[in-house]
1. Determine the pairs where a residue that is more than 21 Å from Glu57 (Cα to Cα) and at pLDDT below 95, located within segment 1-24, has a partner that is assigned to a loop (DSSP other than H, G, I, E, B) and not polar (S, T, N, Q) with Cβ atoms under 7 Å apart, the partner being 6 or more residues away or on another chain.
2. So which residues in segment 145-187 are of a type in the set (Asp, Glu) and more than 23 Å from Thr107 (Cβ to Cβ)?
3. Against the definition (modelled with pLDDT under 95 and not β-branched (Val, Ile, Thr)), how does Ser371 come out, yes or no?
4. Could you check segment 336-361 and list, in sequence order, the residues that are surrounded by 22 or more Cβ atoms within 10 Å (Cβ to Cβ) and part of a helix (DSSP H, G or I)?
5. For segment 341-375, which positions are over 16 Å from the mean Cα position of the chain (by Cα) and of a type in the set (D, E, K, R)?
6. When you check Asp117 against the structure, is it over 16 Å from the mean Cα position of the chain (by Cα), in a loop (DSSP other than H, G, I, E, B) and more than 17 Å from Pro36 (Cβ to Cβ), yes or no?
7. For segment 90-102, state whether one or more residues are β-branched (Val, Ile, Thr) and farther than 13 Å from Ala383 by Cα.
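The values are calculated or read from the model by the stated rules, or taken from the named source; none is laboratory data. If you're wondering where the values come from, they're calculated on a predicted model, not measured in any experiment. Cβ coordinates were reconstructed from backbone atoms using ideal geometry, including for glycine residues, and neighbour counts include every protein chain displayed.
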Amino acid sequence: MAGSIAISPVASAADRNAFVDLPWRLYANDPHWTPPLKDEVHGLINPKKNPWFGHAEAVFLLARRDGKVTGRISAQIDKLVLAMPEVQGGGPGVGHWGMFEAEDTETAAALIAAAEDWLRGQGMTRAMGPFSLSIWDEPGLLVQGHDHSPTVMMGHHLPEYEAWIEAAGYHGARDLFTYDLDITKDFPPLVQRIVASGERNARINIRKVDKSRFNEEAALILSILNDAWSDNWGFVPLTDAEIAYAGKKLKPIVFEELIRVAEVEGVPVAFMMTLPNLNELTDDLNGRLFPFGWAKLLWRLRKPQIRTMRVPLMGVVKRLQSTRLASQLAFMMIEYIRQDALANYSAVRGEIGWVLDDNQGMKSIAETIESKVNRVYRVYEKAL
């Protein structure tokens, strides 16, 4: 008879390697799982590298049966989440868990219970997850769309996890959608007319970002983002250290024609960020940049030819939200980026998201350009 499950915190280099390496075994037979870059995962969980730990703390747990690692989970508390309004998904007593992987239901139950025990011990009264590690990393559990591979910076999970998490007493708090779009087709006539109207409006200017002014452009986009998203559920402002850290990671995959800023009468009021689906360039590296993976990736990034583009971020300043102008700017940015993705990167599809389930404006834009929901991620919650 198999032994019982033992849970222990990650305490050594060997433990950290086991924590990072586990998905390679669990997803070995899943054709839609894309191996993450191990160096990125190690950096994510390392307090010396990830500035998220400047306002948060976490414990990383491993499950073992008869000495064999059978699962992992993180439990974390973010001071910025504790300071959020309750209606935005935070507030006093809200702790998170994430980075959840398990090979069987007994392991899953033991890991979730252990994460909850740690959160209770820190005075938390409500658990939410999965967040790996924050909403800016990989939020939510994949509950729809297991039949195709995720795009860059989106998660992929075993379908059994949904039932295992719900069996632990969790219910859905929010759903996050991604939308699939065939970018080889022209947009519907209505959208084309809206774009043409915007092009005749001398007040509107849609420009590419200037990568030679990367830090200045990044600060501009973040200022629009902070204003546009400040009332959104789950929004946690990025610190200066996190912005610098994210900028350093994103700079190699930032291409000027794929990121647009909309100006009205010379004032920047909206932006749209599109990233090449890096997963297509790293899938064959099996998570390893060394000794040769880094050189391969740099070469491929010189002029990437990629099937899919992802729009992870789009924002319009709050004073324009729910106006016709906001929609017009969005359609114009989407159309210009669509054209460049087709012409310069051989892309044939786009993915928009994630989009909150109550974001009616963004859902309406996605539906108007005839994109369809292709994946759903669910954030769960439970009173402790």
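1. Short answer, once both residue conditions are applied: Ala2/Asp66; Gly3/Asp66.
2. Within segment 145-187, Asp147, Asp175, Asp180, Asp182, Asp186 meet the criteria.
3. Criteria not met by Ser371.
4. Selection gives Ile337, Ala341.
5. Passing the criteria: Arg349, Asp358, Lys363, Glu367, Glu370, Lys372.
6. Values: over 16 Å from the mean Cα position of the chain (by Cα): yes; in a loop (DSSP other than H, G, I, E, B): no; more than 17 Å from Pro36 (Cβ to Cβ): yes.
Taking the combined requirement at face value, the residue does not satisfy it.
7. Filtering segment 90-102 for residues β-branched (Val, Ile, Thr) gives 94.
Checking which are farther than 13 Å from Ala383 by Cα leaves us with none.
For segment 90-102, residues β-branched (Val, Ile, Thr) and farther than 13 Å from Ala383 by Cα: absent.
For every residue, the table says whether it meets (1) surrounded by fewer than 18 Cβ atoms within 10 Å (Cβ to Cβ); (2) more than 21 Å from the chain's Cα centre (by Cα); (3) in a helix (DSSP H, G or I).
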position	(1), (2), (3)
Phe19	no, no, yes
Pro23	no, no, yes
His32	yes, no, no
Asp39	yes, no, yes
Pro47	yes, no, no
Trp52	no, no, yes
Ala75	no, no, no
Val81	no, no, yes
